[in-house]
Amino acid sequence: MTTAEEWIDRITSVRRWKRAGERAPHKPLLMLYALAQLQRTGSSSMTYRDAEGDLIQLLANYGPANRKSSPAYPFHRLQNDGLWTVTADGEVPGESVTKLRASGALGQFDPRLEKDLCDSPALILRVAQSLLELNFPESLHEELCAAVGLDRTGLEISAVKERVLKLKRRDPQFRKIVLVAYEYRCAMCGFDGRMDARSVGIDAAHLRWWAFDGPDTVDNALCLCSFHHKLLDTGVLGITNDHEMTVSAHFIGTGKAAEDLVLNLVGHPLREPQRGQPAPAGEHIHWHVEQVFRGPARVAA
Ligand SMILES: [Zn+2]
């Protein structure tokens with residue numbers, strides 16, 4: 001019998017699915033999608049044909065930028081991790097999109113995992129949250145849950161965080177040192193709001209995500225307002241090696257707010273950290289450009 005902790009350990013071995021810092025969120029996204037369906041309907045069973053459209057959309061929105069990938073890959077390959085089964089009429093479809101569609105291929109969690117998840121709604125939430133923590137920055141968790149239709153009501157996020165943190169140390173001072181380095185001001189727009197004695201709407205953002213071995217250091221960080229943080233993590237905004245801001249050509253906004261807050265940033269320099277503090281390092285900028293920023297960049301007006 002597999003205990004809840006053992007399932008979580010096996011599923012969080014998704015960390016091994018990344019190669020040399022390259023993002024490969026295909027399997028985690030399929031699992032989140034299947035967990036949400038199981039939570040809603042009591043079964044993770046889905047035909048490739050029915051799931052394909054949603055999975056393509058999830059990969060396009062949350063997969064690595066600049067690389068095309070098919071949902072056939074995780075639908076077939078997740079079987080190798082002992083967490084998923086695929087059955088079909090007649091011939092085994094493998095990774096072929098045409099065969100997966102034509103054979104009516106049906107995927108679902110391994111029966112033992114499926115049963116344990118059905119018996120424990122809390123396990124569904126803990127598995128889902130572990131996948132989020134280990135593959136995506138926190139700024140994207142809420143919209144990812146909405147995208148797959150997962151209801152996180154009742155989840156004890158702190159317990160999951162504690163477990164995930166054991167896998168790799170995080171610097172509890174990270175936020176503080178980044179905010180001080182940038183004097184509590186957004187490096188993109190200069191926002192520096194406060195209420196009473198505390199900053200509001202100001203975050204410490206990683207360039208190279210923590211989930212992909214990004215260190216908790218000032219040279220891997222930017223102090224950003226919550227809005228620009230979100231846009232950095234979704235690949236709308238990026239920075240160049242010369243520390244100028246870039247905006248994805250895929251970003252569209254026609255109103256004055258979009259112009260002021262986003263489009264006008266193109267080609268302008270970031271605010272530097274205070275003297276003596278390191279600016280963003282080239283290797284971390286490079287990772288963000290390769291793995292997150294949705295190129296090509298807009299050309300300055
Ligand atoms: Zn800002």
statement: Reported set for region 45-101 where residues are in a helix (DSSP H, G or I), without any contact (Cβ under 8 Å) to a residue 24 or more places away in the chain and either among the aromatic types (F, W, Y) or farther than 15 Å from Y33 by Cβ (or both) is Q79, N80, T98, K99
- line: Reported set for region 61-86 where residues are modelled with pLDDT under 90 and among the aliphatic types (A, V, I, L, M) is A65
message: For region 207-249, which positions are under 13 Å from P137 (Cβ atoms), more than 14 Å from the ligand (Cβ to nearest atom) and part of a helix (DSSP H, G or I)?
response: W210, A211, F212, N220
- prompt: Only one residue in E142, E133, E114 is more than 23 Å from A60 (Cβ to Cβ) and either in contact (Cβ under 8 Å) with a residue 40 or more places away in the chain or of a type in the set (D, E, K, R) (or both). Which one?
  reply: E114
task: Kindly establish whether E272 is away from the ligand (no atom under 14 Å from the Cβ), in a loop (DSSP other than H, G, I, E, B) and either in the same structural domain as F191 (by TED's automatic domain parsing) or hydrophobic (A, V, I, L, M, F, W, C) (or both).
output: yes
- request: Given the conditions (1) surrounded by fewer than 17 Cβ atoms within 10 Å (Cβ to Cβ); (2) within 28 Å of P215 (Cβ to Cβ), report the number of the one that L270 does not fulfil.
  value: (1)
query: Out of (1) small (G, A, S); (2) more than 17 Å from G214 (Cβ to Cβ); (3) outside the structural domain of T246 (by TED's automatic domain parsing), the odd one out for S139 is which?
result: (2)
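So that you can scan it fast, the table gives a plain yes or no per residue for (1) modelled with pLDDT of 95 or more; (2) surrounded by fewer than 17 Cβ atoms within 10 Å (Cβ to Cβ); (3) more than 16 Å from the ligand (Cβ to nearest atom); (4) under 29 Å from M245 (Cβ atoms):
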site	(1), (2), (3), (4)
P121	no, yes, yes, no
Q129	no, no, yes, no
L165	no, yes, yes, no
Q173	no, yes, yes, yes
message: Could you tell me how many of the residues in region 178-196 are surrounded by fewer than 17 Cβ atoms within 10 Å (Cβ to Cβ) and hydrophobic (A, V, I, L, M, F, W, C)?
response: 2
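The values are calculated or read from the model by the stated rules, or taken from the named source; none is laboratory data. The shown structure was predicted, so the numbers you read here are calculated from the model rather than taken from an experiment. Don't worry about glycine lacking a Cβ; one is built from the backbone with ideal geometry, like all the others, and counts go over all protein chains shown.
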